[in-house]
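The values are calculated or read from the model by the stated rules, or taken from the named source; none is laboratory data. All values reported here derive from a predicted model rather than from experimental measurement. Please note: Cβ atoms are built from the backbone with ideal geometry, for glycine as well, and neighbour counts cover all protein chains shown.
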Amino acid sequence: MTQSITLAQADAIADRALQAGRNLNFQPLTVAVLDAGGHLKVLKRADNSSLLRPDIAIGKAWGALGMGFGGRELARRAEKVPTFFTALNAMSGGRMVPVAGGALIRDQNGVIVGAIGISGDTADNDEQCVIEAVTGEGLVADTGDPRP
């Protein structure tokens, strides 16, 4: 049986991410957490978060999960082979957003249990909230960043 993030974990991660954004005075964030099968587990949108943010957050998480690596690596690969990523995006019905702010969620054994995407501020700031929220729940945020 495939392990997957629980509703309680996903909800706590989303709450932590929104709180991190508020603490850092970021623009209003939207957080999407998917389970290991790619199904939306939690979507939370801060007051005054703009209209497209849910789709962007889901696209960041979905792209990471679909390709098996975080948003930073997705962005690097999209830059190197844009035609391939254009094709991937077309094949996925426009569901991939290959930028920072999307990450795989791994357990302490490295098993993928879900994915997260955050949208609302800069990609780097979104990613900062991803890391804080996921690690705050004792899980690993695999952002695709090669730095430890």
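Structure notes:
- Long-range neighbours under 8 Å by Cβ, at least six apart or interchain, first residue free of Cβ contacts under 8 Å to residues at least 40 places away in the same chain within region 23-35, second β-branched (Val, Ile, Thr) and in a strand (DSSP E or B): none
- Candidates Ala103, Ala115 - the one that is touching a residue at least 60 places away in the same chain (Cβ under 8 Å), under 10 Å from the mean Cα position of the chain (by Cα) and either outside any loop (DSSP other than H, G, I, E, B) or closer than 15 Å to Pro28 by Cα (or both): Ala115
- Considering residues of region 103-148 that are within 17 Å of Asn23 (Cα to Cα) and among the polar types (S, T, N, Q) only, the residue surrounded by the most Cβ atoms within 10 Å (Cβ to Cβ): Ser119
- Enumeration of residues in region 43-66 that are among the aliphatic types (A, V, I, L, M) and either surrounded by fewer than 19 Cβ atoms within 10 Å (Cβ to Cβ) or farther than 18 Å from Asp107 by Cα (or both): Leu43, Ala46, Leu51, Leu52, Ile56, Ala57, Ile58
Conditions (1) surrounded by fewer than 22 Cβ atoms within 10 Å (Cβ to Cβ); (2) of a type in the set (A, V, I, L, M, F, W, C); (3) at pLDDT below 95; (4) in a loop (DSSP other than H, G, I, E, B), marked per residue:
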| position | (1), (2), (3), (4) |
| --- | --- |
| Asp15 | yes, no, no, no |
| Arg22 | yes, no, no, no |
| Asn25 | yes, no, no, yes |
| Ala90 | yes, yes, yes, no |
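- Qualifying positions in region 65-87 - touching a helix residue (DSSP H, G or I) at 6+ places or on another chain (Cβ under 6 Å) and in contact (Cβ under 8 Å) with a residue 40 or more places away in the chain: Gly70, Gly71, Leu74
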